[in-house]
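Participant: Dropping a structure here in structure tokens format, bear with me for questions.
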Amino acid sequence: MSTLSKPTPVMLFASVLFQKYKITEEKLCSNFEQKFGKGHSAFHPFCPMKNYYSKEMGEVEKLKRVFFFSHQLHQREILVPAKLWAIEQETQCTEGKNRFVNFDVGTLSLENVQLATGKQYSHRVYLRENIYSDLTLMYQHETYVTLPWTYPDYAHPEILNIFNWNRRLLQGFLELASQSN
């Protein structure tokens, strides 16, 4: 018989691709923090998805990607409302039919990294409200590891290091939370 146990809280994050002449990183960070709590950002220039999104968002040279990580612990159910919020943010950052912001949200847990998506696919699990969970990275042998479907930018060794660093931060937050209970 299976014994049910309460899952540990997660760190919410966002990967935000934006046209840097239309909106500032500071404004995007402020929006994220107002909704999900104070945190920090991380930048890495490797972002092969810029080419894909440039068709809608403008020239590759005008696009920048940044990661935001919330320091507030969240229950795992945050993934659906976070994705709905992200869609709302993108809608507000639209000119005509083209967005100038792409907000991908996800959760970082001790065991994996998941992205929220509205696209159905064989490896994605339906949650609710037309939102699916994409298992993007798994934690094995003291590091996050990729899966066959992991997006190339999440598979980059230095971006994996960013997520591993944030996992250690999450561990610290969880230890502090357990000490205060």
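Participant: For the range 1-45, what is the accessible area per residue in Å², given a 1.4 Å probe and the full set of protein chains?
Facilitator: Computed with neighbouring chains in place, this is 60 Å² per residue.
Participant: Which one of A82, L108, G58 has its Cα pushed farthest toward the positive end of the charge dipole of the range 17-129, where Lys and Arg give +1 and Asp and Glu give -1 at the Cβ?
Facilitator: Going by the charge dipole, the pick is G58.
Participant: In the chain, carbon and sulfur make up what percent of the accessible area (probe 1.4 Å)?
Facilitator: 53
Participant: Here is a follow-up. State to the nearest 20 debye the size of the charge dipole of the chain about its Cα centre, where the only charges are +1 on K and R beta carbons and -1 on D and E beta carbons.
Facilitator: 220
Participant: May I pose another question? Taking Cα pairs under 8 Å and at least six residues apart, what relative contact order does the range 23-180 come out at, in percent?
Facilitator: The normalised contact order for the range 23-180 reaches 17 percent.
Participant: Loop-only check: which GluC sites (Glu not before Pro) in the range 84-178 are DSSP coil with at most 10 other Cβ within 10 angstrom?
Facilitator: E129, E142
Participant: Additional query: Find the eigenvalues of the gyration tensor of the Cα atoms of the range 92-181, then list the square roots of 5 times those eigenvalues as equivalent ellipsoid semi-axes, largest first, in whole angstrom.
Facilitator: 26, 17, 15
Participant: What nm value, rounded to one decimal, do you get for the distance between E90 and Q171 when each label is placed 7 Å out toward the C-beta?
Facilitator: About 3.4 nm separates the two model spin labels.
Participant: Roughly how far apart, in whole Å, are the Cα centres of the range 112-180 and the range 24-88?
Facilitator: So the separation of the two Cα centres works out to 15 Å.
Participant: Assign one of three labels to the range 129-181, namely rounded, prolate or oblate, based on the Cα gyration tensor with a ≥ b ≥ c the square roots of its eigenvalues; rounded applies when a/c is under 1.5, prolate when it is not and a/b is larger than b/c, and oblate otherwise.
Facilitator: oblate
Participant: Cut-off under 19 Å on the C-alpha distance; same-chain residues fewer than 8 positions from K64 excluded. Which lysines are left, in chain and number order?
Facilitator: List returned: K20, K22, K27, K50, K55.
Participant: If you don't mind, there's one more thing I want to ask. Treat the range 37-99 as a sphere of radius equal to its Kirkwood radius over Cα pairs and apply Stokes-Einstein at 25 °C in a medium of 0.890 mPa s; give the translational diffusion coefficient in µm²/s, rounded to a whole number.
Facilitator: 177
Participant: Tilt of helix 79-92 relative to the longest C-alpha principal axis of the chain, in degrees (0 to 90, nearest 10)?
Facilitator: With rounding to tens, the tilt is 10 degrees.
Participant: Quick one: compute the contact order of the range 84-133, relative version, from alpha carbon pairs under 8 angstrom and 6+ residues apart, as a percent.
Facilitator: 22
Participant: While we're looking at this one, here's another question. Under a point-charge model restricted to the Cβ atoms of Lys and Arg (+1) and Asp and Glu (-1), what is the dipole moment magnitude of the range 86-173 relative to its Cα centre, in debye to the nearest 20?
Facilitator: I would put it at about 140 debye.
The values are calculated or read from the model by the stated rules, or taken from the named source; none is laboratory data. It should be emphasised that the depicted structure is a prediction, and the values quoted were computed from it without experimental measurement. For neighbour counting, all protein chains shown are included, and Cβ atoms are generated from backbone atoms with ideal geometry for every residue, glycine included. Side chains included, ligands, DNA and RNA excluded: accessible areas come from the protein's heavy atoms. Shrake-Rupley method; radii C 1.70, N 1.55, O 1.52, S 1.80 Å.
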